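Enquirer: My structure is below; once you've seen it, I'll send some questions.
All of the numbers you see were taken from the coordinates with simple rules; none came from a lab. Everything numeric in this text was worked out from a predicted model, so none of it was measured. Every residue, glycine among them, receives a Cβ derived from its backbone with ideal geometry; neighbour counts consider all protein chains shown.
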Amino acid sequence: MKISIQSSTQGRSRPELLIGFAHDGAAPDLGKDLVDAVKVAKATGDLATDLRKTSLFHPSGRAAPKRIGFVGMGDRKVCDTERLRRGAAVAQQHAEGCGVGAFVLKVGAGDHQGVDAAAAGQAIAEGLVLGAYRYEPPRKDKAKPRKAQRAAVEYTGPKAAAFRQGFALGKITAESTVFARDIENRPGNIVTPTYFSKESRKLAGPNLRVKILDEKEMERLGMGAFLGVSRGSAEPAKLCILDYNPRGAKQTVCIVGKGLTFDTGGISIKPSAKMDEMRYDMCGGGAVIGLFHAIAHGGLKGAAGKTRVVGLIAAAENMPDGKAQKPGDVVTAMDGTTIEVLNTDAEGRLVLADALAYARKTYKPGKMVDLATLTGAVVVALGHEMAGIMGTDDSLRDELVAAGKAADEPLWPLPLWDCHREHTKSKFADVANINGAGQGAGSTNGGAFLSYFVGDTPWCHIDIAGA
């Protein structure tokens, strides 16, 4: 999907399709030249203003577009970024349904009341790109090329510079999301730990260095928890490190992603039904590599651009064979903590334990966050509309919750108390990788286990299994 900003349709060839937003009780503003066309559309009674409803008209006149479409936006007084994002996505899909190869989306200040121009520009760019996204699987017979792959946005509001700035950022974030989604959707025989390492290396550039730790190096560092997970797989584990370190950086943030490229559960094997979906157990790592795709393309602005950001992707497969670890095995993490492996299917916390310990020791960050499809329990608790968040620092948690709200990616705080840490204690090691039967709080106890490996560093764990 190619998107751009244009100043005006005047002086240009007639667009095949011009789309505007339609609000309750207000005439769509498509400019002076199209006032009559809008009046005719309203007079038909077919101009839909209900949320995400579409309507299509064929105006007369040489200067008019060949077709005018509208996307319903409801009450303009309750506009927010998610409504704009979804509206732009519907506009793209409407254009695709009309069979056109390009279209113009006209946006005015009245279309984003209560949302500043920069945020509106970002949301609309994101909606256009994400609305067009479809994973294209490998097939013998290639599908016909899709149309509606070019969209030009004409902004008529007074703060055009801010809108353009936000639009440019939204284009980066959306294209990076598409990059991550493609990796996440590819099958596990393609997206292996080695594949992750190769894709990570492609992002290297000015101020962004990439380093890959192989199993030999991890063994030298004492990463027994990480390597224990990988023992049953023919695919070697990798710890992919992406280090954005701009000149003058004043603080360091580490972001760690769980990258289980396929998870059978190991010896504690999962049911066969839907096991194919366990390729998605690397979505924490997918989010991290998507973030660094955005960084590599200029996605960090202002003060954020002066922060050292280190991403670590703990990539491995969890497979059963004669070398695989067994329930009851005891492994030693990089920081010396001994772990009783009571369930080999609680493997994500094992690879994260060593990745977090390595990040803390090597980079001494001021803040640390991990992203992981860690537990099914978080889906039971929160469903698929939000992720669970917990950690050792309330201010960092609140900062992340606010960021999630701004990005329309809601995070719901879950408790992490001393009693939950007690649940992870083991009779045969320092800690066990699951809590005892019947204790419940599976998501929180997963986070409690991870808390042993972050030391005094302000840290939060985000369980994205349902989101």
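Enquirer: Using Cβ contacts closer than 10 Å as the measure, can you line up Trp459, Trp412 from fewest to most?
Expert: Trp412, Trp459
Enquirer: So if the hydrodynamic radius of region 2-183 is defined as the Kirkwood radius over C-alpha pairs, what does Stokes-Einstein give as its diffusion coefficient at 25 °C and 0.890 mPa s, in µm² per second?
Expert: Reported coefficient: 149 µm²/s.
Enquirer: Could you list Asp29, Asp430, Asp394 in order of exposure, starting from the residue whose Cβ has the fewest other Cβ atoms within 10 Å?
Expert: Asp394, Asp430, Asp29
Enquirer: Between Arg67 and residues 5 or more places away or on another chain, which pairs have amide H atoms under 5 Å apart, with H built 1.01 Å from N, and which residues are they?
Expert: Leu17, Leu18
Enquirer: Which distance in Å, rounded to a whole number, links the C-alpha centroids of region 12-46 and region 224-256?
Expert: The distance from the Cα centre of region 12-46 to that of region 224-256 comes to 52 Å.
Enquirer: Which one of Thr173, Ala467, Gly442 is farthest out on the positive end of the charge dipole of the chain, using unit charges on Cβ (Lys, Arg +1; Asp, Glu -1) and the Cα centre as origin?
Expert: Going by the charge dipole, the pick is Thr173.
Enquirer: Take the residue pairs Lys66/Lys142; Lys323/Lys425; Lys211/Lys306; Lys66/Lys405; Lys211/Lys364 and return only those whose Cα atoms are more than 29 Å apart.
Expert: With Cα atoms farther than 29 Å apart: Lys66/Lys142; Lys66/Lys405.
Enquirer: Please give the contour-minus-distance gain from His297 to Ile269: 0.36 nm per residue of separation, less the Cα-Cα distance, rounded to one decimal in nm.
Expert: Going from the current span to full extension adds 6.0 nm.
Enquirer: About its Cα centre, what dipole magnitude does the chain give when the only charges are +1 on Lys and Arg Cβ and -1 on Asp and Glu Cβ, stated in debye to the nearest 20?
Expert: My answer is approximately 1980 debye.
Enquirer: I need the phi-derived Karplus couplings for region 344-353: 6.51 cos²θ - 1.76 cosθ + 1.60, θ = phi - 60°, integer Hz, Gly and Pro marked x.
Expert: My calculation for region 344-353 gives 6, 7, 9, 8, x, 5, 6, 5, 5, 4 Hz in order.
Enquirer: In deg cm²/dmol and to the nearest 500, what is the mean residue ellipticity at 222 nm of the chain if only DSSP H runs of at least 4 residues count, each as -39500 (n - 2.57), divided by the residue total?
Expert: That calculation yields -10500 deg cm²/dmol at 222 nm.
Enquirer: Continuing with this model, one more query. Suppose we keep just the DSSP beta bridges with both residues in the chain; what percent of those would be antiparallel, to 5?
Expert: 35
Enquirer: Relative contact order (percent) for the chain, with alpha-carbon contacts under 8 angstrom and 6 or more residues of separation?
Expert: So the answer I get is 13 percent.
Enquirer: Oh, and also: By how many nm would the segment from Ala143 to Asp80 grow when fully extended, if each residue of separation counts as 0.36 nm and the alpha-carbon distance is taken off?
Expert: This chain segment gains 19.1 nm when fully extended.
Enquirer: Arrange the following residues from fewest to most other Cβ atoms within 10 Å of their Cβ: Tyr452, Tyr244.
Expert: Tyr452, Tyr244
Enquirer: Using DSSP to call loops (not H, G, I, E or B), can you name the trypsin sites (Lys or Arg not before Pro) in region 285-367 whose Cβ has at most 16 other Cβ atoms within 10 angstrom?
Expert: When the trypsin sites (Lys or Arg not before Pro) of region 285-367 are filtered for loop state and at most 16 Cβ neighbours within 10 Å, Lys301, Lys323 remain.
Enquirer: Which distance in nm do the two modelled labels at Glu217 and Lys2 give, with both placed 7 Å along the Cα-to-Cβ direction?
Expert: Computed distance between label sites Glu217 and Lys2 equals 3.9 nm.
Enquirer: If the chain between Asp276 and Asp430 were fully stretched, how many nm would it gain, using 0.36 nm times the residue separation less the Cα-Cα distance?
Expert: 52.0 nm
Enquirer: Can I ask one more? Provide the FRET efficiency to the nearest 0.05 for the Lys306-Thr362 pair, computing r from the beta carbons and using R0 = 25 Å.
Expert: FRET efficiency, Lys306 to Thr362: 0.75.
Enquirer: If you place +1 on the Cβ of every Lys and Arg and -1 on the Cβ of every Asp and Glu, how big does the dipole about the Cα centre of region 230-289 come out, in debye to the nearest 20?
Expert: 220
Enquirer: Same structure, new question: Extending each Cα 7 Å along its Cβ direction at Asp182 and Glu136, get the distance between those two points in nm, one decimal.
Expert: Calculated label separation equals 0.8 nm.
Enquirer: A further question on this structure: Can you compute the radius of gyration and Dmax for region 99-245, using only the Cα atoms, both in Å?
Expert: 21.1, 61
Enquirer: Here is a follow-up. Dipole magnitude of region 145-242 about its Cα centre, charges +1 at Lys/Arg Cβ and -1 at Asp/Glu Cβ only, in debye to the nearest 20?
Expert: My answer is approximately 400 debye.
Enquirer: Within a Cβ distance under 11 Å of Ala333, other residues only, what is the Lys/Arg minus Asp/Glu net charge?
Expert: -2
Enquirer: Counting only Cα atoms, I'd like the Rg/Rh figure for the chain, Kirkwood definition for Rh.
Expert: 1.04
Enquirer: Expressed in nm², what is the orientationally averaged projection area of the convex hull enclosing the Cα positions of region 186-463?
Expert: Convex hull of Cα atoms, orientation-averaged projection: 13.9 nm².
Enquirer: Next question, about the same structure. What value does region 334-467 have for Rg/Rh, both radii from Cα atoms and Rh as Kirkwood defines it?
Expert: Value, to two decimals: 0.95.
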